[in-house]
1. Show the residue pairs meeting these rules: Cβ distance below 6 Å; 6+ apart or different chains; first residue within region 93-111 and within 23 Å of Val150 (Cα to Cα) and in contact (Cβ under 8 Å) with a residue 60 or more places away in the chain; second residue part of a strand (DSSP E or B) and open to solvent by 30 Å² or more (accessible area, probe 1.4 Å).
2. Taking into account only those residues within region 52-62 that are open to solvent by less than 10 Å² (accessible area, probe 1.4 Å) and at pLDDT 95 or above, which is nearest to Val125 (Cα to Cα)?
3. Working carefully through the options Gln66, Gln81, Gln106, find the one that is open to solvent by less than 60 Å² (accessible area, probe 1.4 Å), over 22 Å from Thr136 (Cβ atoms) and in contact with a Gly (Cβ under 9 Å, 6 or more places away or on another chain).
4. Find the residue count for region 34-76, including only residues that are closer than 23 Å to Ser89 by Cα and touching a residue at least 24 places away in the same chain (Cβ under 8 Å).
5. Is region 106-119 home to any residue that is at positive phi and of a type outside the set (S, T, N, Q)?
6. Can you confirm whether region 115-124 contains a residue that is within 14 Å of the chain's Cα centre (by Cα) and open to solvent by 50 Å² or more (accessible area, probe 1.4 Å)?
7. So Leu36 clears everything in (1) surrounded by 15 or more Cβ atoms within 10 Å (Cβ to Cβ); (2) at positive phi; (3) of a type in the set (A, V, I, L, M) except one condition, right? Which one?
8. The conditions are (1) surrounded by 14 or more Cβ atoms within 10 Å (Cβ to Cβ); (2) farther than 14 Å from Arg147 by Cα; (3) at pLDDT 90 or above, and Gly128 fails exactly one of them. Which is it?
Amino acid sequence: MFKKIAAAAALAFAASSAFAAPTAYYGGLDLGSTKLDGLSDNKASIGGFLGYGFNQNVAIELGYRQLGSWDVVGVNVKAKQTHLSVVGSYPLGNQVEVYGRLGYNQLRGEASYGGLSYGDDTSGVLYGAGLSYSFTPTISGRFEIGRAHV
């Protein structure tokens, strides 16, 4: 039910970039667009992530996103995502890297109408690919296309 395509223009204002240092903790903000199957419009999503770079090419990330809110025949539907991913990167130059993501995600859907609410969780695989650009040794930006299967 919840298949999400996130064109996550993730401007990752990282405290320290996993892609710039061999081993480093890092974190950032995630801004993007969410599309759920069965719903006609995309919604803005916002979230954050924390990661650890094991070396210059491999990192692990934990993240949380508010995927959006939709009005479906008078019912307010909200979606959230928590994810854990392994990120592999390959430098294309001094400041640009290509990367891929493979991980696990949990999606939570909540519906409310007339004071009543219902929520349900589902989980599955998450994957994506993107480009990273290092503005400075500690600040980078990323553009990613990703998909969550549940």
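The values are calculated or read from the model by the stated rules, or taken from the named source; none is laboratory data. This structure is a prediction, so every number in the text was calculated from the model and none was measured. Neighbour counts run over all protein chains shown; Cβ positions are idealised from the backbone, glycine included. The protein model used for the area step is the full one, side chains on, heavy atoms only, and it has no ligands, DNA or RNA in it. Shrake-Rupley method; radii C 1.70, N 1.55, O 1.52, S 1.80 Å.
1. Leu107/Thr122; Gly109/Asp120
2. Initially, region 52-62 is screened for residues open to solvent by less than 10 Å² (accessible area, probe 1.4 Å), giving 53, 59, 61.
Next, from what is left, pick out any that are at pLDDT 95 or above: 59, 61.
Values: Ala59: 17, Glu61: 14 Å.
Filtering region 52-62 for residues that are open to solvent by less than 10 Å² (accessible area, probe 1.4 Å) and at pLDDT 95 or above, the one nearest to Val125 (Cα to Cα) comes out as Glu61.
3. Values: Gln66 fails: open to solvent by less than 60 Å² (accessible area, probe 1.4 Å); Gln106 fails: open to solvent by less than 60 Å² (accessible area, probe 1.4 Å).
Result: Gln81 is the single residue among Gln66, Gln81, Gln106 that is open to solvent by less than 60 Å² (accessible area, probe 1.4 Å), over 22 Å from Thr136 (Cβ atoms) and in contact with a Gly (Cβ under 9 Å, 6 or more places away or on another chain).
4. 16
5. Of all residues in region 106-119, those at positive phi come to 114-115.
Next cut, of a type outside the set (S, T, N, Q) only: 114-115.
Yes: region 106-119 contains one or more residues that are at positive phi and of a type outside the set (S, T, N, Q).
6. No, because not a single residue in region 115-124 is within 14 Å of the chain's Cα centre (by Cα) and open to solvent by 50 Å² or more (accessible area, probe 1.4 Å).
7. Of (1) surrounded by 15 or more Cβ atoms within 10 Å (Cβ to Cβ); (2) at positive phi; (3) of a type in the set (A, V, I, L, M), only one is false for Leu36: (2).
8. (2)
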